[in-house]
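Data block below; observations after.
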Amino acid sequence: MTPAQFVQQYDSTCMPVLLCDMLGSWPVASWELPALSAAFPAARFKVSKPHGGRALMTLPAYVDYMARQADEEPLYIFDPDFAEAAPGIRQMYDVPHVFAEDYMDCLRGVRPPYRWLVLGPARAGASWHVDPSLTSAWNSLLSGRKRWALYPPHRPPPGLVLDEGGQEDESSSFTSLQWFLEVYPTLPPEQRPVEFVQNPGETVFVPGGWWHAVLNLETSVAVTQNYVGASNLERVVRYMAASPVEYHSDPLSFFKEAEVEAWSLGYPVQMAAAAELCSGGSSGDWEEAGSSSAGGDSSSGAAGEATEEECVVRALHAMRLDDDSGDEVAGPERKGQLDSLFRNLAAGAQGVAAGSGPASEKRKDAVEAAANGDGREEGTTEVTEGQEEGASWDEVEGPEAQAVWRRHRYLGRWLRRLWDLQPSTRPSIEKCLGQCLHAASWRSVLATIAEQCNGTLQPSATPNGAPNGTSNGHSHGAPNGTCAIDSTGGGSSWSLPAQPSPLELVPLVGSDAMVFIAGGMAVKLFVHEAPAMRGLECALEVAVPRLLLRADAAAEAPASSAADRTPPLRSCLPAPVAAGAVAVRFPDPPDSDDEDEEEGERKVQEKALKAAGKGKGAAVPAEAEREAPAVPYVVQRQLQGAYVVQELWPALAPEQRLAVAQALGHLVGRMHAAAATLHHTPACASSSSSSSSSSAAAGSSNGHGQAHGAEVRAGPLAAPPPADAADYRHWAALVGHCGVWHDREGHIWMSGVGSVGASEAKDGEDMAKAAAAVAAVPNARPGAAAAAAAAAATHDALCDVPKDSRWWPFAQFLRWRQRSCLGELGFSEPPEWLRLALPGFLPADPACLLGFAPPPSHPSSIATAVAAAGVKSEAEGAGASGGGAGPARACSGPRVGPLLLHGDVSSSNVMLELPGEWAWASELPTDAPHSDGAAASTLAAAATAQAGSASPLPLLRLIDFSDSGHGDPLQELVAIQASCLVCDGAAMRAFWAAYRTHVDPARVWPYRHGVRLSYVAMCYCLVHEEAELLLRKALEQGQAEGLRTECGAQVAGKGKDKGTTPTLEELQERLWGFLDEP
């Protein structure tokens, strides 16, 4: 069968089929279980448990388990990372030729799981499910036999209890064996599924959307893979854009009439039964909508766009940033606005920040609270235009125009890559843009920004010597699938296209910020549901790179040979050229029928304006404007670079990984060195003269040899009128005024102000509650219970972190994360060894990790808790692996201020420009997607061939500063360890060596009074927002080799003993031990 025949008969009609003779030259004998076990004896594969959860086992251990077990529901190898776990196994099979076209292959390292090794004994199998995102799949059986059952997309299997999003109720879930034994016998013949038995050498094609379950009839080995081709591209994109509720409420609307007719002809019994059970729904809606609008009039935008309610966009303000007009230092003219923001937020404007409740009431209550708190008269509490623009989105996921890109955040990157590499897909992409991706709304937004920037902001030459005006000499083009911001040529002319092209309407990133690439520029819009978060994230994107670039340009070149290999920050960081804000009210979903009275009145007013012939510039009634939240944005030049580290890391040879790690160490080290110089002249320090004098003295001699002075604390604030929380200009000044930190849950902490965006109880009470929860953890070790009791009894004995200290926001963030971590132990399901070890490992108050001590009135409370938890004190811990907070002590805290950090140095934020000497880099595909696995294999082979020569350092560029804040530089290393370097010990050491050529931790990092850096880093890992991912990588990658694991011994029936449980101390030493070395 040719690929064209397969597409015509099965793929285009979405018909499942059992295919023969698809394995070609597969070495079938090598896939027999004994041969496979002998070929990969040390590889550890993911083993799925019947009702959720996974473990890691080697093949010999799993073979031993299968020989011993008599489980009704056996463990099952279902591993999406088998090719990485067992290098060489990928070369043992080829994708069947009829499935060679795979449009998702261009995603490389950012592609979600799509291929699995499926191996298990009789009675194991896969329960009922639909493959991810309606992708199609093929499943080739090497040995054994499998029983298959399938139902059409609109016919959920009998016995399953699904919620409105199509998710199965765990309390009533069935394994495949249970379903065949308990449900299947009760079904009349017309209600039974499409079923067949798969034999060795046969391949099953499962079209996207079809329900299916599989049961092993005997020990079986199979390989399966999901893919997207021309036949299902539009359906997959629409599903990724839609909510699960939308699909499961009417699955047939996602399929063409011709496909449904083919099912009726092929499986008339099942289709007739489905028709009786599933009333409502219709097929062909998507196809008909597309055909009816493909040739629509030009007023609706590009071809293929559906007619929708107009998006209301209004320009607010804009400013150029390639000179000093946007200086982040708060001068006298900005002071009143800045203090206004502080007072408004500190007085209880939680609703404005958090975005909860009706927008208009929320703003009014916040302003009145601020006014009453300041003691002003009621006449000053009106809602101003600025506050109206700070409205929040009413929807949970934001407006649908945003939600379609946020549900699957790689959707934009994928479509941009596909547009470049597969021109034949462009008509389908354009159709999707119009029908389900809200291109018309984003065209209006981008056109308004272009008009604002091109008409108001005239380019001006950058003064000679300014950081933004220096070229880095790199001119390699970046593909459209890459976000990169050019930090050079800030004074050169630039403009945004007045009418974006279809490709320019596809955001590269869709999350709390939407990034569009248009006319060689990157437009980053901040769309977080909370106005305060929108303003803060935009301000950080504007202010932090500029502060670091200026500091780096002013600093002297490093006096070491490493300087020759270290590019200046102006070559590596983004330099915004413009920033502004627009008020946007996105259209409501077309099927929305729950509009309130106010919304109805607004629509009437807008229709009246339209009928009166008033254009875009017409004044809109205030009542209509009130629901148009301010969306701040930044305009940056597109950086040069081809791929992010996440995409290329698996293909790099070991020496090249070390080169990337070194380059990253130089980049981060240079950033931290520049940040340290900012403490010499703290921006907008409003503290008293005596405070400034003492700070200067501390900088010259602080007992620790610091190169930069002790922190300058924010002074008292005046009582000004309210200010708009979404205005990034206020927050940009704030970055230079006091310490700031925020998290992904919408919390913002500010020194001298407090917390914004969430209501928190008193720190001591919350710490006590979290500590008390530790004692309730079943089987927790005695030390943990003692620590909990001590902390609960003395909850007011927290480390003394003054609220006006720049360290206070970061300390509060650590406390929040530790409270959350410990509070979840009672109902989350972490590995048992971690659940038992965590409470006794973490300190009673994580602020002690920064060098802070308890207040003098409670000299021993924290020490008691820490000692009870089993953490060694400074005196006791010499030579121990744990470190810890130690007993109460007289100390001056960290003795230095926090550094201005990037906040998220992850593999998706590090751009990689490959050196020309890496000849294999020219083999990266630029005009066509590679066949599955072929490019990775070619790259790995070519890279290995060059491994003998010294690898030059690649040029790295760091993007996305919206997560920045003032904190501990050691926190920055957590994301680098887990995300960029995937817990590769050699690479992390190379990073550390390069980093220390720019930064001496003993002089720049906080003084911790004997607490080991490895212990601090491990604690940061455990309370990190992605702790689970980090620990999983640590245990699965080479850095964790040799760690004792409980999996093999337990599942093999050998029981559990003290020698099979891993310890956090051992993991600490393996991940972070290098930090304690001289």
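The numbers here are math on the coordinates, done by the rules we state, and not lab data. Model, not experiment: these values are computed from the prediction. Positions of Cβ are generated from backbone atoms using ideal geometry, with glycine treated the same way; all protein chains shown enter the neighbour counts.
Once the C-beta distance of R54 and S501 is scaled by a Förster radius of 41 Å, the resulting FRET efficiency is 0.40 to the nearest 0.05.
Distance cut-off 29 Å, Cα to Cα: go down the list K524/K1033; K49/K146; K256/K524; K146/K431 and report the pairs above it. Beyond 29 Å: K524/K1033; K256/K524; K146/K431. Highest mean first, the peptides 18-31, 400-413 sorted by other C-beta atoms within 10 Å per residue fall in the order 400-413, 18-31. Amide H contacts under 5 Å for V312: R585, restricted to partners 5 or more places along the chain or on a different chain, H placed in the peptide plane at 1.01 Å from N.
A crude spin-label estimate for the pair A230 and A1002, with each label 7 Å from Cα along the Cβ direction, gives 6.7 nm.
With a 10 Å radius around each residue's Cβ, average the other Cβ atoms per peptide and rank 662-670, 425-433, 493-501, highest first. Walk me through the numbers on the way to the answer.
Values: 662-670: 25.7, 425-433: 21.0, 493-501: 15.7.
Order by mean packing, descending: 662-670, 425-433, 493-501.
Each part reduced to its alpha carbon centroid, segment 489-528 and segment 973-1039 end up 34 Å apart.
As a calculated quantity, the FRET efficiency between D250 and A35 at R0 = 45 Å, using C-beta atoms, amounts to about 0.40.
Placing dummy labels 7 Å off each Cα toward the beta-carbon, the span from H129 to R68 is 2.7 nm.
Rounded to the nearest 0.05, what FRET efficiency do E257 and E832 give with R0 = 56 Å and r taken as the Cβ-Cβ distance? Could you check?
Values: r = 53 Å, r/R0 = 0.94.
After rounding, the FRET efficiency stands at 0.60.
Listed peptides 179-189, 96-106 appear in the order 96-106, 179-189 once ranked by packing, highest mean of other Cβ atoms within 10 Å at the front.
The amide H of L23, built 1.01 Å from its N in the peptide plane, has no neighbour under 5 Å, considering only residues 5 or more places off or on other chains.
Based on C-alpha pairs under 8 angstrom that are at least 6 apart in sequence, segment 3-232 has a relative contact order of 31 percent.
Across q = 0.07, 0.11, 0.12 Å⁻¹, segment 3-232 modelled as identical point scatterers on its alpha-carbon atoms has Debye log10 I(q)/I(0) values of -0.22, -0.56, -0.67, in the order of the q list.
Farthest towards the positive end of the charge dipole of segment 3-232, among the residues G53, P16, G208, is the Cα of G53, using unit charges on the Cβ of Lys, Arg, Asp and Glu.
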